[in-house]
Amino acid sequence: MSAQPREEDWYLAQLKPNALRIAERNLHRQGFRTFLPQVEETKRRGGRFETALKPLFPGYVFVAFDATLGGWRAINATQGITRLVGLGRGPVAVHRGIMDALRARCDAQGILLPGERLREGQGVRITAGPFADFVATIERITPDRRAWVLLELMGRETRVAVPTDGLRPA
């Protein structure tokens, strides 16, 4: 009988400041796979909006390897890596369900895909802030990911600005 190869687990590695590219390059040279989930962030600069990719977990990168084969000490010694996150005796694998869900929400380049697209005129439930659990209608969505919603307060429609990540389809 031949033993089936064991699937690699994912571990979280803490990076040295500004050393992401160095760490990734050196980990790939050693044969390790990495995963860096990123999110698009829009900021206003000089009167216009600019969108850039930012790490979802700044200062960390996920590394896949089979801990039963050892090799985790090589990751700790990799240029650009501070250490693997663990509990005293060694690294602790990230729960497989969490990694599967996170990787499913990202595209092939590791960019976090937006949740369900919101659109003008859509009914939504506000999930955060002082108007949490209120139901509203999206009036307009701005480039900086704010939504102007109309909600009924004291018998009148009131226009309120809410971050789109605080809205869910009603």
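Looking at the structure I just gave you, is Ala52 more than 19 Å from Ala101 (Cα to Cα) and open to solvent by 30 Å² or more (accessible area, probe 1.4 Å)? It is true that Ala52 is more than 19 Å from Ala101 (Cα to Cα) and open to solvent by 30 Å² or more (accessible area, probe 1.4 Å).
Just so you know, in the stretch 137-146 the residues that are of a type outside the set (Lys, Arg) and touching an Asp or Glu at 6+ places or on another chain (Cβ under 8 Å) include one that is least open to solvent (accessible area, probe 1.4 Å), and it is Ile138.
No other residue among Ala101, Ala128, Ala93, Ala52 is part of a loop (DSSP other than H, G, I, E, B) and within 30 Å of Gln14 (Cα to Cα) apart from Ala93. The residues of the stretch 69-88 that are of a type in the set (Val, Ile, Thr), part of a loop (DSSP other than H, G, I, E, B) and open to solvent by less than 40 Å² (accessible area, probe 1.4 Å) amount to a single one, Thr78.
For beta carbons closer than 8 Å, sequence separation of 6+ or different chains, a first residue in the stretch 36-60 that is within 21 Å of Ile141 (Cα to Cα) and of a type outside the set (Phe, Trp, Tyr) and a second that is open to solvent by 70 Å² or more (accessible area, probe 1.4 Å) and in a loop (DSSP other than H, G, I, E, B), the qualifying pairs are Thr42/Pro143; Thr42/Arg145.
Among residues of the stretch 14-29 that are closer than 17 Å to Val85 by Cβ and in contact (Cβ under 8 Å) with a residue 60 or more places away in the chain, those with a beta-carbon under 7 Å from a residue that is in a loop (DSSP other than H, G, I, E, B) and open to solvent by less than 100 Å² (accessible area, probe 1.4 Å) at least six positions away or on a different chain give the pairs Gln14/Gly59; Gln14/Val85; Leu15/Gly59; Leu15/Gly80; Lys16/Gly80; Ala19/Gly80.
The values are calculated or read from the model by the stated rules, or taken from the named source; none is laboratory data. In this text the structure is predicted, and so the values were computed from the model without any measurement. In this analysis, Cβ positions are derived from the backbone assuming ideal geometry, glycine residues included, and neighbour counts consider all displayed protein chains. Each accessible area value is taken on the protein alone, full model and side chains, heavy atoms only, with ligands, DNA and RNA left out. Shrake-Rupley method; radii C 1.70, N 1.55, O 1.52, S 1.80 Å.
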